[in-house]
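What follows is a set of notes on a single structure, which appears directly below.
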C-alpha cells in the first residue's frame with residue numbers, strides 16, 4: 001500500500017486493507033488529537049482549505065488535524081470574499097494553489113469537482129464533499145467511531161432518516177460491506193434507500209432489512225446511525241412533521257434498548273435526537289465528531305508522505 | 001488561587017487577589033507581547049475563536065496573544081459562512097468545538113451565552129462579550145493600562161459618555177471598587193449611570209461624583225476614560241449632535257488639564273476624541289489597545305494551566 | 001542598502017540595485033518556497049493581512065510566504081465582518097494593528113492609502129494594491145519570473161491588453177526601464193498606454209513600439225505579457241467581443257512563435273489565453289503565480305530585518 005500523494009476522492013477507491021491501515025494510523029495519532037502528546041509530524045506542511053460552501057465542522061476538524069501535527073493552514077476564506085467572484089474557474093484556482101500548499105481539502109457544490117481538481121494538480125486532494133457526490137472522510141470517521149466505541153467487524157447497525165438522498169449513508173453502507181455488517185434501514189416510505197444500492201449490498205453478501213419502525217429497528221443492534229431529514233423534501237409541512245416525529249430518538253424510545261447501544265449522527269442535528277439523550281451512555285455523536293480529528297490526521301499524514 | 005480550567009465570564013467572579021495576579025502575570029509576559037522575547041508557553045495549544053458578531057479588535061488581540069506564545073487559533077469564520085446557518089444551536093457547537101480546541105473565546109449577541117457555554121464544556125471559556133452582559137477581558141486591560149500608564153490603586157478617574165447602557169463601564173466601576181478609586185461620572189442626563197450601581201459603589205466605600213461638564217470633571221483626575229455615545233440612543237439627531245459635541249475631548253478642553261492626565265478609550269471611537277489629541281502625551285488609547293495582548297496572554301496561559 | 005523597516009509602497013522607490021538584491025534574496029529562498037527546505041527565518045513574527053477588497057491570490061501568496069518561514073498571520077477577515085462596519089477610520093485601525101503585528105500588508109480601494117498607512121506606523125507596510133495606485137509586489141514577481149524563466153536584462157517583451165488602465169503594466173514598464181528592455185505594446189486603440197508613460201520610457205532610453213496586431217508583436221520576443229481587458233471599459237458588448245477575440249492567445253496564434261517564448265499573465269484570466277495553451281512550454285503563468293511566494297518571502301524577510 002502506498003498512500004503518499006494519494007487523492008481521497010471516494011470510498012470506492014479503498015480496499016479493506018487500506019481502510020484498516022488508515023484506522024490503525026488514526027488510533028496511533030489519537031493521543032495527539034487529544035493534546036495528550038505533541039507532534040511535529042506535519043511541521044512545515046501547508047494545507048489549503050478550499051470550501052466553496054460553508055461547513056464549519058468539517059473545515060475546523062481538518063484545521064485542528066493539521067495544526068495538532070504542527071502544520072499550518074491556508075484558507076480560501078468566505079467564497080464571496082475571494083477572486084472567485086471575478087469569475088475565475090476552479091481549474092485555474094487549483095493550479096495556483098498548487099504553488100502555495102502541500103495538499104488541498106476541497107468542498108465544492110458541483111459533483112465530480114474533487115476528481116477534476118485531483119486531475120489538475122500533482123499535490124494530493126481530499127474531497128470534503130462534492131455536492132450530491134462523495135464525502136469520504138465522513139465515512140472514515142464513522143467507521144472509526146464504531147471501531148472505538150462499539151465494534152466494526154460484524155457490527156449490527158440500524159440506519160435511520162433520509163436514506164434516499166443522504167450521500168454519506170450510501171457511502172457508509174458500501175464501506176460496511178467490507179466488515180460483514182448487518183444493516184437495518186429505517187426510513188419514511190418516500191425516502192427509502194435506492195434499490196440498486198440494496199441489491200449491490202446483497203450481492204456483497206450483506207444482510208439488509210428494511211422497516212419504518214424505529215422501535216423494531218433498535219431491538220437488537222450495536223449502533224443506531226441517525227441522519228437528518230430535510231424539510232425541503234416534503235411538499236406538505238404536516239407530512240414532514242409526522243415523519244420526523246415518528247423517527248425522533250428520545251429517552252422514551254430507548255427505554256428497552258440494548259444497554260450498549262451507541263447512537264451516532266453526523267451533525268448538525270435539528271431535532272432527530274432529543275437533547276435529553278445527550279446525557280445517556282448511548283450518546284456517541286460528540287465523540288464521533290471528535291474522532292474526525294485523528295482520522296483526518298491519519299489521512300493527511302499518510303498522503304503527505306509523513307507517515308507510512 | 002487556582003486558574004487552570006477557570007472560565008472567564010464576569011468581573012464579579014474575581015477577587016482583588018485574583019485580579020492582581022492576572023495583572024502581575026501580564027506584566028511578566030509584556031516583553032513577549034512586544035516581540036522582544038520569544039516564548040513557547042502555549043505551544044501545541046489551540047484556541048477556538050467563536051465570534052457570532054464582528055469585533056475585529058478583540059478577535060485580533062486574542063489571536064495575537066496566543067500566537068505570540070506559539071499556540072494556534074481555530075476560527076469560526078464569518079458567521080454566515082458556517083453551518084450555524086443550517087440552524088445548529090450554540091450548545092451543540094460548543095460540544096463539537098470541545099473536541100477540537102483547548103479553550104474557547106466566545107462573543108455572542110445573547111446575554112448569558114458565555115455562561116451557558118461554560119456549563120456545556122470542560123475546556124475553559126472566555127466571554128468576549130455577550131450582548132448587554134459582560135466583557136471582562138476589556139476590564140482587565142483597562143485596569144492594566146491604569147497600572148502601567150498612571151496608577152491603579154487610589155486612581156482618580158473621570159468616566160465620560162454613555163454610562164447608562166455601556167456595559168464595560170459598569171464592569172470597570174465594580175472592578176475599580178477594589179482599588180479605592182475616586183470616580184467622577186460625566187454623562188448627558190438621559191445616559192446617566194443607573195442608580196443601583198452608584199448605590200453599590202458607595203456601599204463599597206467608593207466616592208462617586210456626577211457632573212455633565214467635562215471641564216469640571218477633568219480638573220483633578222489621573223485618568224479620563226471616554227466611551228462612545230451611540231447615535232441610536234437619541235430620537236432627535238440634533239440632540240445627539242449637541243450632546244456629543246459637549247463631551248468631545250479636544251486640545252482646547254485639555255489646555256488646563258493635569259499634565260499627567262491619561263486619556264483612555266476602548267475604541268473604536270467615532271468623534272469622542274479629536275484626532276489632534278492623538279499626538280499629545282495624554283493620549284493613551286492605542287497603548288491601551290496594545291495592553292489587551294499581554295492581558296489576554298496572561299488569562300490564556302493561566303486558564304490553560306501553562307503558567308501558575 | 002538598508003531594508004529593515006522599509007515600506008514597500010511603489011516601484012518608483014526602488015533602484016536597480018535594490019531590485020536586484022530583492023530578486024537575489026528571492027532566489028536563495030526559493031527552495032523553502034517549494035518546501036524542499038525548512039526555515040525558521042521569520043519564527044515569532046506576525047504579519048497582519050488587511051484586505052479591504054477581495055484578492056485571494058495575493059493574500060494567499062503572502063500567507064504562504066510568511067508561513068513557510070515559520071511566521072504567522074493575523075487576518076482582518078472579510079471586511080464586513082469587522083468593526084470597520086462600525087465606522088472606524090483606517091488610521092485608527094493601523095495604529096491598533098501596530099500593537100498586534102510586526103508588519104502590515106494592506107490592500108485598500110483608495111489610492112494613496114498604503115502611503116498614508118505607512119506614515120501612521122513604525123512597523124513596515126507593504127502595499128498590496130491601492131485602487132488605481134500601485135501594486136509593487138506584483139511587479140517584483142513579474143521581474144523575477146522573467147529572470148528565472150527567460151531573461152530580464154535586455155528582455156524583448158510584448159505587453160498586450162488594457163494598457164491604459166492596467167496599473168500593474170505601467171509599473172512593470174518603469175521597472176523594465178532599469179533592464180534595457182525592448183518593449184512592444186499591443187492594445188486596442190482606446191486602451192493604449194498613456195503618452196506620458198511612453199515618453200518617460202523613451203527618455204530613459206527604452207525602445208517602445210506600438211501595434212494592434214498580436215501576430216506582429218510576438219514575432220521576435222522572449223516574453224508575451226498578457227493582461228485582462230475588462231468588459232466594463234466597452235459601452236458596446238460587440239466591440240468588447242471583437243477586441244478580446246483579436247487579442248486572444250491561442251495555439252493557432254503561437255504556431256510560428258519563438259520556441260522559447262514565455263507567456264505571462266497576472267491572473268485571474270477570463271479568456272485572454274485559451275486553456276489549450278496551458279499545456280505548451282510557452283505557458284508560464286502558473287509558475288509566475290508561484291514565484292510570488294519566494295519574492296514575498298524575500299520582501300518580508302528583508303523589511304522585518306531577518307535577512308540582510
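Here, each number is a calculation from the coordinates, and none is a lab measurement. Remember, predicted model here, so these are calculated numbers, not experimental data. All Cβ positions, even for glycine, are placed from backbone atoms using ideal geometry, and neighbour counts span all protein chains on display.
Choose one answer from B:253, B:163, B:47: the residue with the largest mean-square fluctuation in a GNM of chain B with alpha-carbon springs under 10 Å.
Greatest mean-square fluctuation among the candidates belongs to B:253.
Under 8 Å for C-alpha pairs, at least 6 residues apart: give me the relative contact order for the stretch A:151-283, rounded to a whole percent.
Values: 217 pairs, mean separation 34.5, N = 133.
Relative contact order here is 26 percent.
Say a label goes 7 Å from Cα toward Cβ at residue C:165 in every copy; what distances in nm does this one have to the rest, shortest first?
Between copies, matching label points for residue C:165 lie 4.2, 4.2 nm apart.
Relative to the longest principal axis of chain A, what angle (0 to 90°, nearest 10) does the C-alpha long axis of helix A:56-68 take?
Approximately 50 degrees, to the nearest ten.
Please compute the volume of the convex hull spanned by the alpha-carbon atoms of the stretch C:151-283 and report it per residue in Å³. Walk me through the intermediate numbers first.
On the way: hull volume 13.0 nm³, N = 133.
Measuring per residue, one finds 97 Å³ for the Cα hull of the stretch C:151-283.
If you project the alpha carbons of the stretch B:148-200 onto their three principal axes, what span does each projection cover, largest first, in Å?
That works out to 32, 21, 16 Å along the principal axes.
Defining a contact as two alpha carbons under 8 Å apart and six or more residues distant in sequence, what relative contact order in percent does chain B show?
22
Given all pairs of different Cα atoms, what value in angstroms does the Kirkwood hydrodynamic radius of chain C take?
Over chain C, the inverse of the mean reciprocal pair distance is 20.1 Å.
Can you sort B:149, C:37 by how many other beta carbons sit within 10 Å, fewest first?
The most exposed by this proxy come first: C:37, B:149.
Can you give the calculated 222 nm mean residue ellipticity of chain C, where each DSSP H run of n ≥ 4 adds -39,500 (n - 2.57) and the sum is split over every residue, rounded to the nearest 500 deg cm²/dmol?
Working: 10 runs with 114 residues, N = 308.
That calculation yields -11500 deg cm²/dmol at 222 nm.
Put the label 7 Å from Cα along Cα→Cβ for residue A:28; what are its distances to the other copies, in nanometres, shortest first?
Computed spacing set for this position: 3.9, 3.9 nm.
Assuming R0 = 25 Å, can you tell me the calculated FRET efficiency for the pair residue C:209 and residue C:239, based on Cβ-Cβ distance, to the nearest 0.05? All intermediate terms of the calculation are to be shown ahead of the outcome.
Numbers: r = 24 Å, r/R0 = 0.98.
So, using R0 = 25 Å, E works out to roughly 0.55.
How far apart, in nm, are the 7 Å Cα→Cβ label points at residue B:35 and residue A:35?
2.5
Whole percent per 20 Å bin, from 0 to the bin with the longest distance: what is P(r) over all C-alpha pairs of the protein assembly as shown?
In order of increasing distance, the bins hold 13, 39, 34, 13, 0 percent.
Fewest Cβ neighbours within 10 Å first, please rank B:105, A:223, C:226, C:277 accordingly.
Least crowded to most crowded, the residues run C:277, C:226, A:223, B:105.
So how tilted is helix A:167-176 from the main axis of chain A? Cα-based, degrees 0 to 90, rounded to 10.
It is inclined by approximately 80 degrees.
Using only Cα atoms, find the angle between the long axis of helix B:16-33 and the longest principal axis of chain B, and express it within 0 to 90 degrees, rounded to the nearest 10.
The two axes meet at around 80 degrees.
Would you kindly work out, in nm and rounded to one decimal, the distances from the label point of residue B:205 to those of the same position in each other copy, ordered shortest first, with label points 7 Å along Cα-to-Cβ?
The projected label point of residue B:205 is separated from its counterparts by 8.3, 8.3 nm.
Starting from the 7 Å offset along Cα-to-Cβ, what nm value, one decimal, do you get for the label separation of residue C:281 and residue B:190?
7.8
Quick check for you: which residues of the stretch A:271-308 have the amide N under 16 Å from the point 7 Å beyond the Cα of residue A:258 toward its beta carbon?
Residues passing the 16 Å test: A:281-284.
For A:113, B:301, C:39, what ranking results if the residue with the fewest other Cβ atoms within 10 Å of its Cβ goes first?
Details: A:113 23, B:301 26, C:39 18.
With the sparsest Cβ surroundings first, the list reads C:39, A:113, B:301.
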